[in-house]
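Worksheet for the structure shown next.
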Amino acid sequence: MDWLVADSLEFSVVVPVHNEAGNVEQLASEIARALDGRAFEMIFVDDASTDDTRTQLASLKARFPMLRVLGHRKNSGQSRAIRSGILAARAPVVGTLDGDGQNDPADLPDLYRQLTRADAPHGLKMVMGRRGSRKDTAWKRFGSRFANRIRKRLLKDDCDDSGCGIKVMDRATFLLLPYFDHMHRYMPALMRADGHLVEFREVNHRPRGEGRSKYTNFGRLKDALSDLRGVMWLIRRRRNPGGADEI
């Protein structure tokens, strides 16, 4: 089997990308450097890019034997790309980060250690990054603060930064969450609705590399109003049995 036997992998890193040809080489290099010495794989999911992203990724496979590349046949959005990557992942613990280079792969080992530490509380299934000093425009930071304040008040998920793309989680638990477009912004609320614990950790945030952001404040707000209603409905309708015992 390529790179390592699946049973020996301890960590899979999933990176959704769309038109990020100028960023994928540096990002792959940084992930490999950050996780050097670990049994890991990195899975880049190209969400039907119209630029050279897929060709760039294919050319990197010779340099990085732990790199796997998935390509969507049709553009389906960030949440679907994340789910495609996690479905394909072979390790029990999965990390995600955005493909624009703003998340720092050097934070992945600390997030992994926090999730898997020996004294972790029972039920801890995800550790999510919280950007301490954002390197975005003032307008984008304002929009994010406004949306986070509303979401946190309505969902009571204790998450101050739902837009932070860097997370480490239990793969099997993620795959049991309800899937819908934009669900990557509501993972803490969805995890907690199923009775799991989520912790947060301050992480580095960097200026965007090449390319342009795929989101605008008004676009996010329009989607968020619809998504929030849906997530609130899902949480109200979920019933948690506290586990199941075979008798």
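For the reader, a short list of remarks on this structure follows.
- Residue within the range 107-128 that is in contact with a helix residue (DSSP H, G or I) (Cβ under 7 Å, 6 or more places away or on another chain), assigned to a loop (DSSP other than H, G, I, E, B) and buried (at least 20 other Cβ atoms within 10 Å of the Cβ) present: no
- Put simply, of A28, A81, A91, A39 the only residue that is surrounded by fewer than 17 Cβ atoms within 10 Å (Cβ to Cβ), small (G, A, S) and modelled with pLDDT of 95 or more is A39.
- Any hit, the range 230-237, residues being modelled with pLDDT of 80 or more, touching a Lys or Arg at 6+ places or on another chain (Cβ under 7 Å) and either among the polar types (S, T, N, Q) or not in a loop (DSSP other than H, G, I, E, B) (or both): no
- Residue-level analysis places P92 among those that are touching a residue at least 24 places away in the same chain (Cβ under 8 Å), of a type outside the set (S, T, N, Q) and under 21 Å from H196 (Cα atoms).
- Which listed residue is under 30 Å from T50 (Cβ atoms), modelled with pLDDT under 75, open to solvent by 50 Å² or more (accessible area, probe 1.4 Å) and under 17 Å from the mean Cα position of the chain (by Cα), from S226, S213: S213
- Residue check: F64 meets all listed conditions (1) among the aromatic types (F, W, Y); (2) crowded, with 23+ Cβ neighbours inside 10 Å; (3) more than 20 Å from the chain's Cα centre (by Cα) but one, namely (2).
- The set of residues from the range 65-101 being of a type outside the set (A, V, I, L, M), farther than 18 Å from F180 by Cα and out of contact with any Ser or Thr (no Cβ under 8 Å at 6 or more places or on another chain) comprises P65, R68, G71, R73, P92, D98, G99, G101.
- Per-region count, the range 9-24, residues open to solvent by 10 Å² or more (accessible area, probe 1.4 Å) and in a strand (DSSP E or B): 1
- Selected residue (criterion: most open to solvent (accessible area, probe 1.4 Å)) from residues of the range 153-173 that are part of a helix (DSSP H, G or I) and in contact (Cβ under 8 Å) with a residue 12 or more places away in the chain: L154
- Identity of the residue in the range 176-193, open to solvent by 40 Å² or more (accessible area, probe 1.4 Å) and out of contact with any strand residue (DSSP E or B) (no Cβ under 8 Å at 6 or more places or on another chain), that ends up modelled with the lowest pLDDT: R185
- Qualifying positions in the range 58-99 - of a type in the set (S, T, N, Q), outside any helix (DSSP H, G or I) and in contact with a strand residue (DSSP E or B) (Cβ under 8 Å, 6 or more places away or on another chain): T96
The values are calculated or read from the model by the stated rules, or taken from the named source; none is laboratory data. Here the structure is a predicted model, which means the values were calculated and not measured. Glycine also receives a Cβ, built like all others from the backbone with ideal geometry; neighbour counts cover every protein chain displayed. These accessible areas exclude ligands, DNA and RNA; they are computed on the full protein's heavy atoms, side chains included. Shrake-Rupley method; radii C 1.70, N 1.55, O 1.52, S 1.80 Å.
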